[in-house]
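No value in this document is a laboratory result; all are computed from the given coordinates. Nothing here was measured: the structure is a model prediction, and the numbers come from that model. No Cβ is skipped: glycine too gets one built from the backbone with ideal geometry, and neighbour counts run over all protein chains shown.
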Amino acid sequence: MDSLPKALENFTRLVKPLPSNTVSKGHRQTTLSCAGIVATEPLPAVKEDKQGLLDIDLTQNDSPIAATAGNATAGSMQPPNLQYDADGFVIESVKKCSEYTMKDLPVPSDQHWSRGAIGTLTLWCGSQPNVSVIPDEVFVTVLQDIFNNVYPGIKYRVTTNCSVHAVALQRISEWRSGFGSAALALMISYFAELPDDKVSQDEAAKLHRSFRFLDANPNSDAEPTPDGRFKLPFLYELLATTHLSDIPGYIEVKGWNTKQLGLGKNGGGVITIAAAVLGCAVEFIWDGVIDVEQVLVDMIDARDGKMKVKLPKTLNKATGRETSTPYQFSASNWSAGTAHYKLSVERRGPEFVRSVLAEAQSRRNLKIANTAKGDCTAASKNANDADPRALLCNDPYAIEADHKLTQILVPGYDLHLAFKSSYCSSPPPSFLPCNHPVKCYGH
C-alpha cells in the first residue's frame, strides 16, 4: 500500500464515553474501556438517539500545538469565586462525579489545563502497563503531582470526589474512546475507497487472515512476515490522530522524565490498543456487524454529514432491555485479544516501540506542515510540529537534511543539518531545537 485514501485523513472521536457495567472488586480502580471509562462513581453516559446510533463527528485535529501550555484562550471559562480554608487550600462543593463540568474547575479551562495538565496526564496514562485499568489511588496521586506542577501557586487537594478528578477522568475517557471511533472511521473510509468490483466483507476477510491488517503491505499476496508486523499505515495514522495529537503541551514533572515518555518509552500500551481496535473494526466489517455501504448512505442522507454507526442489539435478560454492549469496544469484550497483542508488542522490545511511535509522529509532523500551504511564516512558527522539508521557503537558509536522518524533528533525536558554507556564519534558523549539533559543508 503506497498511500492511504484521502478520506483517511478524517479523524473521529466520540464526545462522551460509552457506559459499561465493569466494576472492579477490591481496591478502587479506574477501568478504561475502548469506548469509555468506568469508575466507582458513574460518568456521563454517551448520548444516543432513539435508534441507538453512535454519533461520530468527523473532524480534523491537525492544528499545530505549542511545546508548552500557552495563555488562556479568549473563550476560556473562568472558575467560580473560590473559597479557602485556614491553610489556604481551595474549598469546593462536593457533587456526584457525573455532575461536575468544566465550570466547576478551580482554574480556568484554558491551555494550561487542556494541554499542560490533561496532556501530561494522557502521556502518563499511555505509558502504564495496563492502560485499561489504573488503580484509583495511583491516578489521584499522579493527578495531584501534575496539578502542583501546572499550578504551583494554587493549593488544591485532589480526591476521588473533587472536580479536577472528575473532569480529568472524563477527558481520559474521551482519549480512550478516541481509539475505537477513529479505528472505525479509518477502516470504513478504506473500504469505501475500494473499486466497485470488490466487496467490503470479502476484503475485510483477507485483511483479517494472518493479521494482514497489521502488516506493512496488507494487500500483498505474499504471506506476512514478522518484520512487517505493526508497520501498517493504518496503525501509524491511528496513533497520530489519537494519542500523539492529545499529548503535545505536556510538562516536565520531577522524577518522571516525561521527555522520554514522549519519545515512546513504555508506549507499548497505546500500540497494543491501536492494534486491538483496528482488528475489532476489521472483524465487525467482515462479520457484517457494520455495513460499510449503509453507513455511507446514512452519512449522505444526514443533514449534519456525520458518520453514524448502528450496532446490533441483543436482549439483556437481566434488565429485559435490548443493548448493544456486546458489540462495543470495551475491555470486557476484548481483554483476551488485547492481552495477546500486548505480548507480541512487548516481545519486539522497547526500541521497536519507540520506532513505531516515531514513525507515527513523523507522519503527523508532515501532515501539520502541509496544512500551512502558502504561508511559510506561519509554518515556521509551528516548526516544532513540522517537517523541515516543508520549510525550505525560509531563505536565506538553504537547508539540506543529512541523508542518514529520517526522523529529523522528532523531539529528542539528534539533529544534524547541513548548511551551504556561505551561511555557516549566520545563526541557525529559528525553528531549530535547542542544544542540537549543527555541521556545515566545507567546515
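Below are the figures for this structure:
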{"read-out": "Cα shape, region 81-228, gyration tensor, a/c 1.5 rule", "value": "prolate"}
{"read-out": "For region 152-207, fraction of C-alpha pairs farther apart than 19 Å, in %", "value": "56 percent"}
{"read-out": "Kirkwood Rh and Cα Rg combined as Rg over Rh, evaluated for region 222-293", "value": "1.09"}
{"read-out": "Cα gyration tensor, region 114-191 - rounded (a/c under 1.5), prolate or oblate", "value": "prolate"}
{"read-out": "Dimensionless Rg ratio for region 88-127, taking C-alpha atoms and the 2.2 N^0.38 Å reference", "value": "1.38"}
{"read-out": "For peptides 96-104, 210-218, sequence by mean Cβ density within 10 Å, most packed first", "value": "210-218, 96-104"}
{"read-out": "Spatial extent of region 322-367: Rg and Dmax, with the Cα atoms as the point set, Å", "value": "15.6, 46"}
{"read-out": "Cα-Cα separations in region 207-328 greater than 20 Å, expressed as whole percent", "value": "63 percent"}
{"read-out": "For region 121-195 and region 287-327, distance of Cα centres in Å", "value": "26 Å"}
